[in-house]
Amino acid sequence: EITVVVVNYNSGDYLRGCLASLARQTHANFEVIVIDNASTDGSLERVSEKPSKLTIMKQAENLGFARANNIGAAAGKGQWLALLNPDAEAEPQWLEAMLRAVREHPGHRMVASLQFSLHDPAKLDGAGDNYLAYGYAWRGGFDHSASEAPGAGECFGPCGAAALYPRAAFLDAGGFDERYFCYHEDVDIAFRLRLLGERCQFAPDARVRHAGS
């Protein structure tokens, strides 16, 4: 039902926590594809707890976040495409909560997660992406107190660190623009998908902890 793509590039022990969190998901009908961008830190070898349907696709060079996610999206079989950063850990009901959100609001098929700081859970890491007409984009609520997390509602787009898209729509729109390499590719795809009629909802029950950089 869901293809989860994780892009790894020298993520160290973060990757171990990320994959362990996916192994503990309450929703079981998903596959995980790890695109490894020629890591040299042994992060893949240090993984212990793994989801049952795991594919690792090793690349010969660092292709960047955008292109690597496009490769994973194209290789997947799920109706839905979930992205999770290697330095993020999803709570057990993350996938279940995102699917519930699209069932309850079928006109809003992009889903943004509630992100807490991995190292300081009292702070928000983000509540969906915001975008202003003159081109400035940012993660909603970043670095604010977790007590200020907003309720469910529409936002501009999901942060690519923990997002859900209809996989066919993501691919039909051309996926991430690979010229971004990394950063702001998520805002760009959200803009293009919105122009094609898609909408994004912020689902506060879909929770992750994200280190960020």
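The values are calculated or read from the model by the stated rules, or taken from the named source; none is laboratory data. The structure displayed is predicted, hence computed values, not measured ones. Because the Cβ atoms are built from the backbone with ideal geometry, glycine has one as well, and the counts that use them run over all protein chains shown. Ligands, DNA and RNA are excluded from the accessible area calculation, which covers all protein heavy atoms including side chains. Shrake-Rupley method; radii C 1.70, N 1.55, O 1.52, S 1.80 Å.
Under the rule a/c < 1.5 gives rounded, and otherwise a/b versus b/c splits prolate from oblate, where does the stretch 107-194 land using the Cα gyration tensor?
Numbers: a/c = 1.88, a/b = 1.67, b/c = 1.13.
Taking the square roots of the gyration eigenvalues as a ≥ b ≥ c, the stretch 107-194 is prolate.
What distance in nm separates the simple spin-label points at residue 138 and residue 122, each placed 7 Å from Cα in the Cβ direction?
2.2
Suppose a student asked you for the relative contact order of the chain, using Cα pairs under 8 Å spaced at least 6 residues apart; what percent would you report? Could you put the intermediate results ahead of the total?
Values: 538 pairs, mean separation 53.9, N = 213.
With pairs under 8 Å counted, the relative contact order is 25 percent.
Mind checking the full-extension length gain between residue 54 and residue 172? Use 0.36 nm per residue of separation minus the Cα-Cα distance, one decimal, nm.
Gain on extension, residue 54 to residue 172, equals 40.0 nm.
Determine the per residue accessible area of the stretch 81-159 with all protein chains present and a 1.4 angstrom probe, expressed in square angstrom.
Working: 3550 Å² over 79 residues.
With all protein chains present, the stretch 81-159 gives 45 Å² per residue.
For a quick check: with amide H placed at 1.01 Å from N, whose amide H comes under 5 Å from residue 36's, ignoring anything fewer than 5 positions away on the same chain?
So residue 36 has HN proximity to 8, 57, 58, 59.
For residue 199, list long-range residues whose amide hydrogen, built 1.01 Å from N in the peptide plane, is under 5 Å from its own amide hydrogen.
109, 110
Suppose we flag trypsin sites (Lys or Arg not before Pro) only when DSSP calls them loop and at most 16 other Cβ atoms lie within 10 Å. Which is the longest uninterrupted stretch of the chain?
Values: sites that count: 24, 46, 53, 77, 199.
Free of exposed loop sites, the longest segment is 78-198.
Rank 183, 134, 165 by mean-square fluctuation in a GNM of the chain with C-alpha springs under 10 angstrom and give only the top-ranked residue.
134
For residue 38 and residue 191 in one chain, what is 0.36 nm times their gap in residues minus the Cα-Cα distance, to one decimal in nm? Don't jump to the answer; show the numbers that get you there.
On the way: separation 153, 0.36 × 153 = 55.08 nm, distance 3.02 nm.
Residue separation times 0.36 nm, minus the Cα-Cα distance, leaves 52.1 nm.
Return the long-range amide H neighbours of residue 53 (sequence gap of 5 or more, or a different chain), with a cut-off of under 5 Å between placed amide H atoms.
Answer set, sorted by chain and number: 32.
Once you have a ≥ b ≥ c as the square roots of the Cα gyration tensor eigenvalues for the stretch 121-167, tell me rounded if a/c is under 1.5, and otherwise prolate or oblate according to whether a/b is larger than b/c.
Numbers: a/c = 1.84, a/b = 1.28, b/c = 1.44.
Because a/c hits 1.5 or more and a/b fails to exceed b/c, the stretch 121-167 counts as oblate.
Pick from 168, 133, 122 the residue whose mean-square fluctuation is largest in a GNM of the chain, springs joining Cα atoms under 10 Å.
Per the Cα network of the chain with a 10 Å cutoff, 133 tops the list.
Using θ = phi - 60° and the Karplus relation 6.51 cos²θ - 1.76 cosθ + 1.60, list the HN-Hα couplings for the stretch 42-49 in order, rounded to whole Hz, with x at every Gly or Pro.
Per-residue couplings from phi come out as x, 4, 5, 6, 8, 6, 10, 7 Hz.
Does the stretch 97-152 come out rounded, prolate or oblate, given a ≥ b ≥ c as the square roots of the eigenvalues of its C-alpha gyration tensor, rounded meaning a/c under 1.5 and, failing that, prolate meaning a/b above b/c? Write out the running numbers ahead of the final one.
Numbers: a/c = 2.57, a/b = 1.23, b/c = 2.10.
The shape class here is oblate.
Note the full-extension length gain between residue 146 and residue 61 as 0.36 nm times their separation in residues minus their Cα-Cα distance, in nm to one decimal. Don't jump to the answer; show the numbers that get you there.
Working: separation 85, 0.36 × 85 = 30.60 nm, distance 3.76 nm.
So the extension gain works out to 26.8 nm.
Give, as a single signed number, the net charge of other residues whose beta carbon lies under 14 Å from the beta carbon of residue 196, with Lys and Arg counted +1 and Asp and Glu -1.
In short, +1.
Under the Karplus relation 6.51 cos²θ - 1.76 cosθ + 1.60, θ = phi - 60°, what is the ordered set of whole-Hz ³J(HN,Hα) values for the stretch 113-127, x standing for Gly and Pro?
Working through the residues one at a time gives 8, 8, 10, 9, 5, 4, 8, 8, x, 6, 10, 7, 9, x, 9 Hz.
Out of all DSSP beta bridges in the stretch 26-184, what portion is antiparallel? Express it as a percent rounded to 5. It would help to have the intermediate numbers written out before the result.
Values: 14 of 19 bridges.
The antiparallel fraction comes to roughly 75 percent.
I'd like the accessible area for residue 144, computed on protein heavy atoms only with a 1.4 Å probe and all protein chains in place. Round to 10 Å², please.
90
Ignoring ligands, DNA and RNA, what percent of the accessible area of the chain is carbon or sulfur (1.4 Å)?
On the way: 4720 of 9490 Å².
Carbon and sulfur together cover 50 percent of it.
Mean-square fluctuation check for the chain, GNM, Cα pairs under 10 Å: which of 135, 126, 72 is largest?
135
Could you compute how fast the stretch 1-119 diffuses translationally, taking Rh as the Kirkwood radius over C-alpha pairs and applying Stokes-Einstein at 25 °C with viscosity 0.890 mPa s? Give it in µm² per second. Before the final figure, lay out the partial values.
Values: Rh = 14.5 Å.
So the translational diffusion coefficient is about 169 µm²/s.
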